[in-house]
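**Q** Can you read through this structure? Questions will come right after.
The values are calculated or read from the model by the stated rules, or taken from the named source; none is laboratory data. Note that the structure is predicted; figures quoted are calculated from it, not measured. Cβ: placed from backbone, ideal geometry, glycine included. Neighbour counts: every protein chain shown. Side chains included, ligands, DNA and RNA excluded: accessible areas come from the protein's heavy atoms. Shrake-Rupley method; radii C 1.70, N 1.55, O 1.52, S 1.80 Å.
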Amino acid sequence: MTNIKTKLPPPLVALIFGFLINYTKNIFPKIEIKNQIIFGSFMIINGLIIILSAIILFKKYQTTISPLNPSNATKLITNGIYKFSRNPMYLGLLLVLLGISIIFNLTGGFFFILLFISYMNLFQIIPEENAMVDLFKDEFLEYKINVRRWI
């Protein structure tokens, strides 16, 4: 049984990074872009739609949505949004953070987004992928070859 070493759920990790992006806006140089609230909101909405579409597939196939115990998965989902990204929920969180960055702190946001991607890869995605190999073996390895980790 493979458990993730970190006990921080990815939405909480994204929330922490979102606060960091917002509350460091006075530290980083300000970059204004035209219609930043509209563009940022668009990114946030798209991120939430991607997350919701992934959750709907997890519910449809009645497999665990908990990212802290990936070995409890009962089905490898490879259709829908999962045809384009192996980690659409994390991609959705990334888009939410990008939207927050566009609205509040573009320069600092890109810095924190790179840290978010690194953190998620190291502490969440790679351990999840190891669990998926244990559970679904060749089926997951084939999926991994054909579908990118993020996009």
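**Q** In the set Gly47, Gly40, Gly18, which member is within 17 Å of Trp150 (Cα to Cα) and either small (Gly, Ala, Ser) or not in a loop (DSSP other than H, G, I, E, B) (or both)?
**A** Gly47
**Q** Filtering segment 1-23 down to residues that are modelled with pLDDT under 95 and β-branched (Val, Ile, Thr), which residue is nearest to Ile37 (Cα to Cα)?
**A** Thr6
**Q** Filter segment 114-151 for residues that are in contact (Cβ under 8 Å) with a residue 60 or more places away in the chain and hydrophobic (A, V, I, L, M, F, W, C) and give the result.
**A** Leu115, Phe116, Met120, Phe123, Ala131, Met132, Leu135, Phe136, Phe140, Val147, Trp150, Ile151
**Q** Taking interchain pairs and intrachain pairs at least six residues apart, which have beta carbon atoms under 6 angstrom, with the first residue in segment 8-34 and more than 14 Å from Met120 (Cα to Cα) and the second among the hydrophobic types (A, V, I, L, M, F, W, C) and open to solvent by 50 Å² or more (accessible area, probe 1.4 Å)?
**A** Pairs found: Asn22/Phe104; Lys25/Phe104.
**Q** Considering only residues that are within 19 Å of the chain's Cα centre (by Cα) and among the β-branched types (Val, Ile, Thr), look in segment 119-151 and name the one that is surrounded by the most Cβ atoms within 10 Å (Cβ to Cβ).
**A** So the residue we want is Ile125.
**Q** Next question. Among the numbered criteria (1) assigned to a helix (DSSP H, G or I); (2) in contact with a helix residue (DSSP H, G or I) (Cβ under 8 Å, 6 or more places away or on another chain), which one does Ser85 miss?
**A** Ser85 satisfies all of (1) assigned to a helix (DSSP H, G or I); (2) in contact with a helix residue (DSSP H, G or I) (Cβ under 8 Å, 6 or more places away or on another chain) except (1).
**Q** Moving to a separate point now. Out of the residues in segment 104-118 meeting the condition of being touching a Ser or Thr at 6+ places or on another chain (Cβ under 8 Å) and crowded, with 21+ Cβ neighbours inside 10 Å, tell me which one is nearest to Lys34 (Cα to Cα).
**A** Asn105
**Q** For segment 28-42, state whether one or more residues are surrounded by 19 or more Cβ atoms within 10 Å (Cβ to Cβ) and either on the phi > 0 side of the Ramachandran plot or at pLDDT 95 or above (or both).
**A** The answer is yes; a qualifying residue exists.
**Q** Which of the residues belonging to segment 47-71 are more than 16 Å from Pro10 (Cβ to Cβ) and open to solvent by 50 Å² or more (accessible area, probe 1.4 Å)?
**A** Hits for segment 47-71 are Ile49, Ile56, Lys59, Lys60, Tyr61, Gln62.
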